[in-house]
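Take a look at the structure below.
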Amino acid sequence: MRVGIVGAGRMGREIAAVAASRGHEVAWNLGSKENSGGSGLTAALLARADVVFEFTSPAAAVENLIALGGQGARVVCGTTGWSKDLPRVTEAFVQGGGTLVHAANFSVGVRHFFELATRAARLFGPAGYAAYLVEEHHGGKRDAPSGTARTVGTIFEMETGRALPITSVRSGTIPGTHRLVFESPEDEVEIIHRARSRAGFARGAVWAAEKIAGRTGVYEFGDLLKEAVEGA
Ligand SMILES: NC(=O)c1ccc[n+]([C@@H]2O[C@H](COP(=O)([O-])OP(=O)(O)OC[C@H]3O[C@@H](n4cnc5c(N)ncnc54)[C@H](OP(=O)(O)O)[C@@H]3O)[C@@H](O)[C@H]2O)c1
């Protein structure tokens, strides 16, 4: 595939490396200077890529996605912090005939962590355990809590009817750690996901791009994974 990347940051660089290692051609990489308000996403540029990765910032993602969706592009978006605008973005992709896979976290390990969180909330919630989540990321991460932490919070609330207290730490170079804790006066149980690098996110994003070839519509990464597991 010919790959375009919007966002020349840490994830953009990691995706370029993983895509190249899987035999894809990185055709272009668009930075913020050439793309104010999504203006750099021209038809001529999009014609040079089969799939576009959008890993920028919460402030830029929605304009980029609407520009991409309106032109019928095939897109993998991992930018976090824009989920309230998903209906608007979905409409742009449906009307433009494009394809979008989005996820706050493209790590397969994190998706399994969500499954464990669901099961744990079902077990420990009714047993009277208190629960909280601590998430830690590098100092450059702009949104807090992380999209992954918010997803665990939603899962917990759906399963128990209670809000999950979440604490965010931003420091140094931590790629991403999520620690879900259940505690009672007698004991404590922790479920931890610790990313070792950004490579796992990039690998999941490139896998998603390969999976959506030839499709249209809007998908969440978990939908594609579920399909792959059930179809196996
Ligand atoms: N879904 C996942 O698995 C996953 C994993 C890791 C990170 N993320 C998310 O992915 C996003 C990027 O993370 P990162 O670590 O790569 O951040 P980063 O290192 O700060 O990179 C973001 C890049 O996007 C650029 N940018 C901002 N607005 C832009 C625009 N309108 N057009 C083109 N480029 C633009 C920035 O340029 P300037 O510096 O010039 O503004 C920067 O180079 C964040 O939202 C992060 O939370 C998701």
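Details
- The convex hull around the C-alpha trace of the chain, projected and averaged over every direction, spans 13.1 square nanometres.
- Solution diffusion estimate, µm²/s, Stokes-Einstein, the stretch 1-100, Kirkwood Rh from C-alpha pairs, 20 °C, viscosity 1.002 mPa s: 162
- The phi-based Karplus calculation (6.51 cos²θ - 1.76 cosθ + 1.60; θ = phi - 60°) puts the 3J(HN,Hα) values of the stretch 127-135 at 7, x, 6, 7, 9, 7, 10, 10, 10 Hz, whole numbers, x for Gly and Pro.
- Full-stretch length increase - Ser184, Glu227 - with 0.36 nm per residue and alpha-carbon distance subtracted: 11.7 nm
- Dipole in debye (nearest 20) - the stretch 31-169, about Cα centre, beta carbon charges: Lys, Arg +1; Asp, Glu -1: 100
- Loop-located trypsin sites (Lys or Arg not before Pro) across the stretch 60-90 with a Cβ neighbour count of 12 or fewer within 10 Å are lacking, with loop assigned by DSSP.
- Under 5 Å between amide hydrogens, built in the peptide plane, is the criterion, and for Val26 it picks out Val3 among residues at least 5 positions away or on other chains.
- Under the combined filter of DSSP loop state and at most 13 neighbouring Cβ atoms within 10 Å, the stretch 138-205 retains these trypsin sites (Lys or Arg not before Pro): Arg142, Arg162, Arg196.
- Debye, to nearest 20: dipole size of the chain, +1 on Lys, Arg Cβ, -1 on Asp, Glu Cβ: 660
- Beta bridges by DSSP in the chain, antiparallel share as percent, to the nearest 5: 35
- Fraction of accessible area attributable to carbon and sulfur, the stretch 1-123 (%, probe 1.4 Å): 53
- P(r) weight above 13 Å for the stretch 141-182, C-alpha pairs, percent: 55
The values are calculated or read from the model by the stated rules, or taken from the named source; none is laboratory data. Just so we're clear, the structure is a prediction, and the values are computed from it rather than from any experiment. All Cβ positions, glycine included, derive from the backbone under ideal geometry; neighbour counts span all protein chains shown. When the accessible area is computed, the model is the full protein with side chains, heavy atoms only, and any ligands, DNA or RNA have been set aside. Shrake-Rupley method; radii C 1.70, N 1.55, O 1.52, S 1.80 Å.
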